[in-house]
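**Q** One structure follows; several queries about it will come next.
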Amino acid sequence: MKLNLWLVVLSLGMGLALISISVAQTAVETVPAQSGENLDVQYARAQLALAEANLKRVEQINQQVARAVSGKVVDEYRSDVDVARARLDAATRGDSDSFQVWLRGAEASLKSAERAWHNATVANQHMAGTIESVDVERLRLRAEVYRIDLERGRALAGGTREAQLQWRVRMLSDEVDRLNEAVFRMGPPRSSYFFWRY
């Protein structure tokens, strides 16, 4: 029985990997560099194409297997597309280092964190104890941190470039800390590999 389940998971993973490859190839083919386009615009255009390909991939997976990828994850991919589109718009205007793009990313992070907290709260309303109370509190606190980060960024919108860069570095450092926390919680590497997220 375990072998059959393992084979099903393996074949599902291989199928998803093939979908991913075909979507990625399509995205690469649809990102032609326009003549005279500077590297910042080319880079932003490629980032947008990658974000769109990633979104398309998870949507295709959900068409094949309903809710294989959670709505929260799909929304995060949509936010990635929005931020990438804002980066391309800024780069096209010649403002490839636009602070507004960073604020857009901070807004997307806040929305995602608030959605995770709300979903955990709703899950516990439907069935008490579904999500540990300490985890619901952690999600609430994470949303609060993102809210404060966004407020700090908005306060710096008219500030000096140095202050804006310090805020960006702080945001990146906080994100690395969150990733380290997530990796730590996952524990030792597992033999399964989730193709849909990469």
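**Q** Mind listing whichever residues of the stretch 103-143 are of a type in the set (K, R) and more than 20 Å from D75 (Cα to Cα)?
**A** R138 - this is the single residue of the stretch 103-143 that is of a type in the set (K, R) and more than 20 Å from D75 (Cα to Cα).
**Q** Taking the stretch 156-198 as the search range and keeping residues that are of a type outside the set (S, T, Y) and touching a Ser or Thr at 6+ places or on another chain (Cβ under 9 Å), which one is modelled with the lowest pLDDT?
**A** Top of the filtered list is W196.
**Q** Considering each residue of the stretch 80-115, count those that are acidic (D, E) and farther than 26 Å from R57 by Cβ, and give that number.
**A** Residues in the stretch 80-115 being acidic (D, E) and farther than 26 Å from R57 by Cβ: 2 in total.
So that you can scan it fast, the table gives a plain yes or no per residue for (1) in the same structural domain as T160 (by TED's automatic domain parsing); (2) more than 25 Å from T160 (Cβ to Cβ); (3) touching a residue at least 60 places away in the same chain (Cβ under 8 Å):
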{"residue": "G71", "(1), (2), (3)": "no, yes, no"}
{"residue": "D80", "(1), (2), (3)": "no, yes, no"}
{"residue": "A91", "(1), (2), (3)": "no, no, no"}
{"residue": "A106", "(1), (2), (3)": "yes, no, yes"}
{"residue": "K111", "(1), (2), (3)": "yes, yes, no"}
{"residue": "N119", "(1), (2), (3)": "yes, yes, no"}
{"residue": "V122", "(1), (2), (3)": "yes, yes, no"}
{"residue": "D135", "(1), (2), (3)": "yes, yes, no"}
{"residue": "R142", "(1), (2), (3)": "yes, yes, no"}
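**Q** Give the residue that is modelled with the lowest pLDDT, with candidates limited to residues of the stretch 69-96 that are surrounded by 15 or more Cβ atoms within 10 Å (Cβ to Cβ) and outside any helix (DSSP H, G or I).
**A** S96
**Q** Are any residues in the stretch 129-179 in contact with a helix residue (DSSP H, G or I) (Cβ under 8 Å, 6 or more places away or on another chain), of a type in the set (D, E, K, R) and farther than 17 Å from L110 by Cβ, and if so, which ones?
**A** The one that is in contact with a helix residue (DSSP H, G or I) (Cβ under 8 Å, 6 or more places away or on another chain), of a type in the set (D, E, K, R) and farther than 17 Å from L110 by Cβ: D135.
**Q** Pick from V122, V65: which is within 19 Å of E137 (Cβ to Cβ), among the β-branched types (V, I, T) and exposed (fewer than 15 other Cβ atoms within 10 Å of the Cβ)?
**A** V122
The values are calculated or read from the model by the stated rules, or taken from the named source; none is laboratory data. Quick caveat, the model's predicted, so the values are computed rather than measured. For neighbour counting, all protein chains shown are included, and Cβ atoms are generated from backbone atoms with ideal geometry for every residue, glycine included.
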